[in-house]
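Asks: Next up is a structure, given as C-alpha cells.
Derivation of every value follows stated rules applied to the coordinates shown; laboratory data play no part. These numbers come from a predicted model, not from an experiment. We place every Cβ from the backbone using ideal geometry, glycine too, and count neighbours over all the protein chains shown.
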Amino acid sequence: MNTKKILILDTTLREGEQASGICFSIHEKLELIKQLQKFGVPHIEIGHPGISESELALCKTICASVSGVDLLVHARACEQDVLAAIDTKAQWVGIWASYNDISLATKFNNKSRAWIKDQVYAAILLAKKNGLKVRFTIEDASRTEPHLIAELGMIAVQAGADRMSLADTVGMWHPRDCFKAVQHAIAQFNCEIEVHLHNDLGLAQANAIAAIDAGASVIDTSILGIGERAGICDLFSISATLEQFYHQAYHWQASQNLVQLIQRVGGFKCEPHHPIVGRHVFTHTSKYHIKAALNNPKAYESLNPERYGAVRKNILNTLERGAQQRFHNTLHVKKPFVKGASELLYHRDGVGARWVLMDDRIDERSSVYIIERIFDKDYQHEYSPHVDKHAHHCDSVFAFMGNHPDGTGLTVSVTFGIGDEESTEVFSSPASVFIPAHVIHSYQYVQGTGRFLNFVLSPNYNQSLVDTPQAE
Ligand code: HCA
Ligand code: CU
C-alpha cells in the first residue's frame, strides 16, 4: 500500500470560480480559505493576479492576511503574469502553457514551439529568481504526445520548476493513459508530480487514483468539484478515498460548514446523493435494507457516518406511486407575516406594507424567498427610497402589478449596475424583471397603487446577498 503523503491542493478559488455564474468577493474567498484550512487542506490556489489590477489587489490582500497554508497564484508563461504573481507575495506560482498542435493553432496564434519554450523558460527563471516556488503545468497534457510533454517538461525542470503538473484540461483521459503519463513524468522529471483532472466523462477521481498509483503526490480538487464545464475532482470524495486507501486524515467536522458556505456563495445546491456530504448518503430506505442495517449497519454500509460527522437514518419509503400520496405527506399550509425592513441588509422601512410570503422561517424546507410590498394608496409625496443597491448569489425576479384589473396603475423605476455602468429605467405595471445572479440592482416606487413582488432563489434573503462594493 502507498503510505506516502498525498497533498490536496484545493483550487475552488481559481478553477471553481471558472464555473458558470460564480464569482467570489474577497470576504468570501477569505471565508472559504478559513474553512478549507479547518478541513485540513494544506495548499490553496487563490486566483490569477495577472488578469487585472483588481484581481492583483485581491490576491495581495489574501496573501497578507492568511497564514498556516501554502498559497499559490496562477500565471500564464509571460513576464506580466509572473511579475503580478511576485507582487502578491504568495509562496507558490502555478505557471502553465500548452504545447500540442491544437493549442498552437487556437491559443498561440500559430507561434512556434521554440517561442513557447522560451516563454516558459524565462517565466520560470523570473519566478525562481524572486524566491517563488514554481509549479509548472502542461495544459492539455492528455492530448499532448509523450515526446512533446517530455520536451516542454525538461525546459521547465532546467529553469528550476519545483513541481510538474499534468492537466487533463478537457477531461478525456482513461485512467490507464493517465497512469502511463504520470509514470513517464516521474521517470523523466525527477520532481513532485501533480495532476489537474477535469470531469467531463465523470472519470476525474478514477484518474486521480490512477495518478497516485503511478506516483503522483499532489491532487487538485475543488469543493463539490466545481470548475469549468463538468468541473474537476471533488474535495470530499477524494479526501474520503485518501483516508480509506492511502492513510491520510481530514477534519470532517468542518465538512458541512464548507458545504453550507459553497452553496451560499456559489448560489447552487449540493445534490442530496453527493458522496460523503449529501444529505441522503447515510439514509437507508427500503424495507429489506433497513431490516438488515438494524441488525448490523455494515450490511449496507462501507463507510461509517460518524467518521464524517453525519448521522445514519432509517427512513422507510412509504410513498405510494403518484403525486397524491406524496403531497399528502409533505404539504403544509403556513402563514405569511408582515415584517419591517429591519431584518434586511440594505433596506429601510419605506412606504407601503411589507409581507414575507415565503422563506426558511415560514417553511424550513423552502428554497425561495418571496416578499410582497403593498402600495395601498398613492405615496408620491411621502416617498423616500428604501432599498440600496445590492446583488444576490442567485437569480431573482421583480414583479410589479397595479391595482387596476388589467394590472396597470403602478409606476416604478429599476436601477442596474454601479458607477459608470449604472442605468435606471422608469416603467409602468404590469411588469416583470429577471435579475441574473451577481447583477447589482435596486428599485424605487414612483407613483400609483398596487403591489411589488420579489422572488429570490434562496431560502434566506440576507444569506443570498453578495458583498457589493458600496457595502464594503
Ligand atoms: C485554465 C486551464 C487549467 C489550468 C490548470 C493548471 C486546465 O487555466 O483554465 O494550471 O494547473 O484545466 O488545464 O485549469
Ligand atoms: Cu482546469
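Asks: Tell me, what HN-Hα J-couplings in whole Hz come from the Karplus equation 6.51 cos²θ - 1.76 cosθ + 1.60 at θ = phi - 60° for each residue of the range 436-453, using x for Gly and Pro?
Replies: For the range 436-453, the Karplus curve yields x, 3, 6, 7, 6, 8, 7, 9, 9, 6, 10, 6, x, 10, x, 9, 10, 10 Hz.
Asks: Work out how much length Thr318 to Ser20 would gain on full extension: take 0.36 nm times their residue separation and subtract the Cα-Cα distance, in nm to one decimal. Walk me through the numbers before you get to the answer.
Replies: Values: separation 298, 0.36 × 298 = 107.28 nm, distance 3.79 nm.
My answer for the length gained is 103.5 nm.
Asks: Using Cα pairs under 8 angstrom and six or more residues apart, how large is the relative contact order of the range 337-471, in percent?
Replies: Values: 330 pairs, mean separation 42.1, N = 135.
Across the range 337-471, relative contact order equals 31 percent.
Asks: Next up: Based solely on its DSSP helices, what 222 nm [θ] is calculated for the chain when runs of n ≥ 4 H residues each add -39,500 (n - 2.57) and the sum is averaged over all residues, nearest 500 deg cm²/dmol?
Replies: Working: 12 runs with 140 residues, N = 472.
Counting only the DSSP helices, I get -9000 deg cm²/dmol.
Asks: Still on this structure: Taking other Cβ within 10 Å of each residue's Cβ, how do Val351, Val456, Val73 sort, fewest first? Please list the in-between numbers first.
Replies: Details: Val351 18, Val456 22, Val73 33.
Result, fewest neighbours first: Val351, Val456, Val73.
Asks: Could you list Ile86, Ile62, Ile46, Ile232 so that the one with the fewest beta carbons within 10 Å of its beta carbon is first and the one with the most is last? Mind dumping the intermediate values first?
Replies: Details: Ile86 19, Ile62 23, Ile46 28, Ile232 32.
By the 10 Å Cβ count, ascending: Ile86, Ile62, Ile46, Ile232.
Asks: Still on this structure: What are the chymotrypsin sites (Phe, Trp or Tyr not before Pro) within the range 66-116 that DSSP puts in a loop, where the Cβ has at most 15 other Cβ atoms within 10 Å?
Replies: On the way: sites: Trp92, Trp96, Tyr99, Phe108, Trp115; in loops: Tyr99, Phe108.
Here no loop site has a sparse enough neighbourhood.
Asks: Using only C-alpha atoms and all pairs of different ones, pull out the Kirkwood radius for the range 7-266 in Å with one decimal. Spell out each step's value before the answer.
Replies: Details: mean 1/r = 0.0551 Å⁻¹.
Final number for the Kirkwood radius of the range 7-266 is 18.2 Å.
Asks: Tell me the label-point distance for the pair Cys78, His381, using the 7 Å Cα-to-Cβ offset, in nm and rounded to one decimal.
Replies: Simple spin-label model gives 6.2 nm for this pair.
Asks: For the chain, rounded, prolate or oblate, judged on the Cα gyration tensor with a ≥ b ≥ c (square roots of eigenvalues), a/c < 1.5 rounded, else prolate if a/b > b/c? Mind showing how you got there, number by number?
Replies: Values: a/c = 2.54, a/b = 1.44, b/c = 1.76.
Since a/c reaches 1.5 but b/c is at least a/b, the shape of the chain is classed as oblate.
Asks: A further question on this structure: Separation between the Asp360 and Phe337 pseudo-spin-labels, each 7 Å from Cα along Cα→Cβ, expressed in nm?
Replies: Computed distance between label sites Asp360 and Phe337 equals 1.7 nm.
Asks: Find the centroid of the Cα atoms in the range 233-307 and in the range 387-422, then give the distance between the two in whole Å.
Replies: What the calculation gives is 41 Å, centre to centre.
Asks: Cα centroid distance between the range 433-462 and the range 141-218, in Å?
Replies: Using only Cα atoms to place each centre, the spacing works out to 48 Å.
Asks: Take Thr137, Thr330, Thr449, Thr12 and order them by how many other Cβ atoms sit within 10 Å, fewest up front.
Replies: Values: Thr137 25, Thr330 9, Thr449 17, Thr12 31.
Least crowded to most crowded, the residues run Thr330, Thr449, Thr137, Thr12.
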